[in-house]
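*Asks:* First, the structure itself, so that you have it in front of you.
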Amino acid sequence: MAGAYIIQKNREDDLHGTARLLSSALAFSGEPVNHYCITRRTLMGLVSPDKLRKGIMPVYLPGERLWAVLMGELHECEYLAEFRTSNPDVDSDPAVFARLLRTGALNTALPRLSGAFFIVLYDPEDDLLVAANDRYGLYPMYWAHTDRGFCLSGRVVGPVLAGIVDGDWDLEGIAQFLTIDDYLGETTLVSGVRAFPQATVLTRQAGTLSLRTYWHYDFAPRAQAADGRELAEELGQRFLAAVKRQALRPGRIGVTLSGGLDSRSLLAAASRLGIEVQTFTWGERDSFDRILAGKVSRLYGTRHHDCDYSHHLIPDRFDEGIRMSEGLLNYFDCHMLFHLHVLKEHADIVLNGYAGDLVLGGSYLRRAWTAPASPAELARKLFQWRNILVREGSLGNAVPGLNRLEGHRYPSRLFRAALSRMDEGLAPADMADRFFLENRVRRSTSMGTVIMREAVESAACFFDYDLLDLITSIPFSLRFGHRIYRDMLKTSLPESLKVRWQRTLLPAYAPCSLDLPAKAFLKGCGIMEQTFGWHGITSRQSPVDFSSLLRGVLRTWMDSVIYEPCPLSEEVLLPGFCERTWERHLSGENLTRLLGAIAGIRGFADLLSRARAGGVARPVDPVEVGLRE
């Protein structure tokens, strides 16, 4: 998978050995790009399957006298077209960033420079390091800065392997994962290691580091003048343009197809554009995702890979999955992990419905959040909705030494702090959408993409700059309940609505007014099924029933996760709590989500223990590159 690393040490060290450690932490399956360079006391490296065909990096750009590492790519946009007209000698994406830095235009260009990327530039003459990402942080990176030096890495354990931090647990991260099942802000499970913020420029020179945010989501309504049909048509045009920008390229294109709207929208757009696409679905044979995806694939005549859910790989790929997710994702959300072999065999780039349901369909919005409310009141409501695992007041029953965590670092307080920093006058519903985009989506949802990139490259079409700028200008009343989303499909891709929608099981063209009764009916069915142990409609809405599998074929594996000695995890997770949780699940409660978080923490503890000892699972030897003037 794609992953970069940059190390700057404050003392002499074996940087070649560090390159081997970091490359080994990032490598999975013989990636063609696994290279590094050392200049002064700076180490730069990249491991990548190179599905975007960018070539070997790091690369030295002699015209700008800069070393560059790029993950991802730039997308065609007005600013890039103007830049290329003015700079006809610039022939690559890394060179674009390098020229912008040299001419002092990088900071003003970044908000307008459409793409999905993480760029690192280093000037060895001035010992200047500059790193920047796209608006949305689509390539997660992690960094640490101490008196030992600096590390920027595609892995949380990178700074531990590099000797920049010791690898102590961060109780703030533990508390977040065990309460809300995801992460806030830049927290990780390792003390001193932070996620690189979205839309940020990092600069380090002569040991001094600074970070600057260049953009944030702007939900100020600006599209009220247009009537609904005009707005839906404009959305459709921009959506088609977004898919065209990201899909018309060399390589085999795929779509992971479900019964929802996002994946069928991408397939419909690709079909309209004449792009050949293969589709992929996995799930239990009678799951609605699999049934409806099959109907959508037949509607568009794709070569469809209809796969049984590979639950037998859940134990086999546990260590590999932890290496990729590092405890930042509930293990039972790692659906992609168990089917990477299918994607790798048939696709190079996957059109990814990543968070489309949220940005265009308002899937996280609740009516209770649309009423006027202070940031503090909204924070209370959002935390109450997301505190789905251990109740915050009961964390002491799960985490030893919780008194070491200061009050302001508890998840509920962090919700309140994050919302209080948002723009005054922003509608509560827009605040909620922005909050989840900047936190849950960027930190946890994105980990599915990280896993996907072990086999293929991801194209997040819903996060096209031009498209998302329009979406965030639409009043929440139109985004709520997928109203404008379905209007867009009706005007631009109407055939996509012929197949039922997995969320309601109604035809996707059904009026929005029927959504609530349909969901209420399904909720009632769920209560009945849970009470009487039936396998009916609601149990088929998920692609796989982990709850039952854990009591059956996965029981031996989960026994090992819970009961095998794991000394490092016991610093932050009481063994008795884990055992009681497992026993309650075996007795009939559905504690799948909590068990997935426990598995994530205990699995990461083994990985962190190896990193503390300077070890990796599978050592590899990266290739050193030198100057090519």
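The values are calculated or read from the model by the stated rules, or taken from the named source; none is laboratory data. Computed from a prediction, not measured in an experiment: that's the story for all the values here. Glycine gets a Cβ as well: all are built from the backbone with ideal geometry, and neighbour counts include every protein chain shown. Each accessible area value is taken on the protein alone, full model and side chains, heavy atoms only, with ligands, DNA and RNA left out. Shrake-Rupley method; radii C 1.70, N 1.55, O 1.52, S 1.80 Å.
*Asks:* Quick check: with the 1.4 Å probe, what order do L382, L414 take by accessible area, largest first?
*Replies:* L414, L382
*Asks:* Separate question: Under the rule a/c < 1.5 gives rounded, and otherwise a/b versus b/c splits prolate from oblate, where does the range 206-271 land using the Cα gyration tensor?
*Replies:* Oblate, because a/c is 1.5 or more while a/b does not exceed b/c.
*Asks:* Charges on Cβ only, +1 for Lys and Arg, -1 for Asp and Glu, centred on the Cα centroid of the chain; of L178, L573, L608, which one is farthest towards the dipole's positive end?
*Replies:* Highest projection toward the positive end goes to L178.
*Asks:* Using alpha carbon centroids, what distance separates the range 54-68 and the range 313-340, in Å?
*Replies:* 34
*Asks:* Still on this structure, I have one more. In whole angstrom, and with the biggest value first, how far do the Cα coordinates of the range 470-629 range along each principal axis?
*Replies:* 68, 59, 28
*Asks:* Also, I was wondering about something else. Could you give the size of the charge dipole of the range 362-511 about its Cα centre, using +1 on the Cβ of each K and R and -1 on the Cβ of each D and E, expressed in debye and rounded to the nearest 20?
*Replies:* 680
*Asks:* Then there is this: Sort D316, D466 from largest to smallest accessible area, using a 1.4 Å probe on the heavy atoms of the protein chains.
*Replies:* Ranked from most to least accessible, the order is D316, D466.
*Asks:* Let me ask another. Using only the Cα atoms, work out Rg/Rh for the range 180-297, with Rh taken as the Kirkwood radius, to two decimals.
*Replies:* Dividing the radius of gyration by the Kirkwood radius yields 1.10.
*Asks:* Where the centroid of each part is defined by its Cα atoms, how far is the range 416-478 from the range 538-608 in Å?
*Replies:* 30
*Asks:* Sort V59, V190 by accessible area with a 1.4 Å probe, largest first.
*Replies:* Of V59, V190, the descending order of accessible area is V59, V190.
*Asks:* Further question on the same structure: Based on the alpha-carbon gyration tensor of the range 56-151, what equivalent-ellipsoid semi-axes (square roots of 5 times the eigenvalues) come out, in whole Å, largest first?
*Replies:* In descending order, the three semi-axes are 22, 17, 11 Å.
*Asks:* For the range 344-394, build the convex hull from the C-alpha positions and give me its volume per residue in Å³.
*Replies:* Measuring per residue, one finds 139 Å³ for the Cα hull of the range 344-394.
*Asks:* What number, rounded to the nearest 500 deg cm²/dmol, is the helix-based mean residue ellipticity at 222 nm of the chain, given -39500 (n - 2.57) per DSSP H run of at least four residues and division by all its residues?
*Replies:* -11500 deg cm²/dmol
*Asks:* A further question on this structure: Treating the Cα atoms of the range 302-348 as identical point scatterers in vacuum, please give the log10 of the normalised Debye intensity I(q)/I(0) at q = 0.17, 0.22, 0.24 Å⁻¹, two decimals.
*Replies:* -0.53, -0.81, -0.91
*Asks:* Given the pairs K344/K490; K498/K519; K51/K498; K54/K244; K295/K490; K490/K523, which span a C-alpha to C-alpha distance of over 22 angstrom in this model?
*Replies:* Result: K344/K490; K51/K498; K490/K523 exceed 22 Å.
*Asks:* Find, among the GluC sites (Glu not before Pro) in the range 577-628, those assigned to loop by DSSP (not H, G, I, E, B) with at most 14 other beta-carbon atoms within 10 angstrom.
*Replies:* E589
*Asks:* Treating only the Cβ of Lys, Arg, Asp and Glu as charged (+1, +1, -1, -1), what charge dipole size does the range 280-324 show about its Cα centre? Round to the nearest 20 debye.
*Replies:* Here the size comes out at about 300 debye.
*Asks:* Please state the shape class of the range 237-376: rounded when a/c is under 1.5, otherwise prolate if a/b exceeds b/c and oblate if not, all from the C-alpha gyration tensor.
*Replies:* oblate
*Asks:* Gap in Å between the Cα centre of the range 150-176 and the Cα centre of the range 254-286?
*Replies:* The two parts, judged by their Cα centres, are 37 Å apart.
*Asks:* Classify the range 343-431 from the C-alpha gyration tensor, please: rounded if a/c falls under 1.5, else prolate or oblate depending on whether a/b exceeds b/c.
*Replies:* Oblate is the answer for the range 343-431, as a/c is 1.5 or above yet b/c matches or exceeds a/b.
*Asks:* Right, something else. In square nanometres and to one decimal, what's the mean projected area of the convex hull around the Cα atoms of the range 397-519?
*Replies:* 12.3
*Asks:* Mind checking which of A373, F28, I527 is farthest towards the positive end of the chain's charge dipole, using Cβ charges of +1 (Lys, Arg) and -1 (Asp, Glu) about the Cα centre?
*Replies:* The Cα lying farthest towards the positive end belongs to I527.
*Asks:* Another question, if that's okay. What order do you get for 264-273, 207-216, 555-564 when each peptide is scored by the mean count of other beta carbon atoms within 10 Å, highest first?
*Replies:* Per-residue Cβ counts within 10 Å, averaged per peptide and sorted highest first, yield 264-273, 555-564, 207-216.
*Asks:* Do any GluC sites (Glu not before Pro) in the range 36-94 lie in a loop, going by DSSP, with at most 16 other beta-carbon atoms within 10 Å of their beta carbon, and if so which?
*Replies:* E76
*Asks:* To the nearest 20 Debye, how big is the dipole of the chain about its Cα centre, given +1 on the beta carbon of each Lys and Arg and -1 on that of each Asp and Glu?
*Replies:* Computed charge dipole of the chain: roughly 1220 debye.
*Asks:* Considering the dipole of the chain built from charges on the beta carbon (Lys and Arg +1, Asp and Glu -1) around the Cα centre, which of S587, V450, W282 is farthest to its positive end?
*Replies:* S587
*Asks:* Right, something else. How big, in percent, is the set of alpha carbon pairs in the range 1-115 lying more than 17 Å apart?
*Replies:* Above the 17 Å cut-off, the range 1-115 has 60 percent of its Cα pairs.
*Asks:* Further question: On the full set of protein chains, 1.4 Å probe, figure out the accessible area of H145 and give it in Å² to the nearest 10.
*Replies:* The value for H145 is about 70 Å².
*Asks:* Another question, if that's okay. Based on the inverse mean of 1/r over its pairs of different Cα atoms, what is the Kirkwood hydrodynamic radius of the range 293-393, in Å?
*Replies:* Evaluated on the range 293-393, it is 17.6 Å.
*Asks:* Membrane-span-like helices in the chain: DSSP H runs reaching 24 Å or more (Cα, own axis), mean Kyte hydropathy at least -1.0?
*Replies:* 228-247, 515-532, 592-612
*Asks:* List the pair-distance distribution P(r) of the range 104-226, using every Cα-Cα distance, as the percent of pairs falling in each 5 Å bin from 0 up to the bin containing the longest distance, rounded to whole percents.
*Replies:* 2, 10, 17, 19, 19, 15, 9, 5, 3, 1, 1, 0
*Asks:* Can you give the translational diffusion coefficient of the chain in µm²/s, computed by Stokes-Einstein from the Kirkwood radius over Cα pairs at 25 °C and 0.890 mPa s?
*Replies:* Answer from the Stokes-Einstein relation: 97 µm²/s.
*Asks:* Based on alpha-carbon positions alone, could you give the equivalent ellipsoid semi-axes of the range 1-67 from the gyration tensor, as √(5λ), descending, whole Å?
*Replies:* Taking √(5λ) for each Cα gyration eigenvalue gives 20, 17, 7 Å.
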